[in-house]
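Step one of this worksheet: look at the structure below.
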């Protein structure tokens, strides 16, 4: 029995010929990108609102941080009047001018922040950035000249592969037309984890952790973090910035722990 002769392909499409010559997967992806999936709510699975990966109903159910300390954004009882300071701020004011936090760090917000932080779901970083932008507009926050995302130590950045706070900052920067600076400040000490430490222990743990590498050339800066717990990290970074000539530092956060 004779072997069947190999059939020669008459020709390939222009796209196929170009793809055959590409050197890596990234080049192929740019030439023939995958179809864009419609936004889907990560909390309930229905169609997202606009370009966000959350529906209007789930967004409305997130625990907004509307009743909080007027200075550090610590969640307070709803019956307290606006302008109330928490006990810690009455005893000693933080070095930053004000902290704005969109949510209380509880419920679904805890899960959203965790997925962005540890599973690289950067589409959710965009969602959290949009939520914080809306909260800043709602409270008429002062607009700084620069957004400074809290930097990671290089070792932690290598382990994780990305800084989720930077991605949140980029969304806010685009929405509010504010430049984002991720290069002028660095975390120079690989401090142990803060979990389980008292507030004083956290302060000692972070002493000397940050360094300004070059002058910012601005008078008003907003530090951005995903979650503010005791405020030790943003307070330490604020102190460093004030020593370099920055006149006012605000803190913006996705969430504040109760």
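Couple of notes before you dig in:
- Normalised size of the stretch 66-256, defined as Cα radius of gyration per 2.2 N^0.38 Å with N residues, equals 0.96.
- Net lengthening on full extension, residue 79/residue 186 (0.36 nm per residue, minus Cα-Cα): 34.4 nm
- Efficiency of FRET between residue 110 and residue 143 - r from beta-carbon atoms, R0 25 angstrom, step 0.05: 0.30
- For the stretch 112-255, the relative contact order comes to 25 percent (Cα pairs under 8 Å, sequence separation of at least 6).
- The simple Förster model, with R0 at 51 Å and r as the Cβ-Cβ distance, assigns residue 93 and residue 44 a FRET efficiency of 0.80.
Since every read-out is calculated from the coordinates, none of them should be taken as a lab result. Treat the numbers as computed from the prediction; the structure is a model and nothing was measured. Cβ coordinates were reconstructed from backbone atoms using ideal geometry, including for glycine residues, and neighbour counts include every protein chain displayed.
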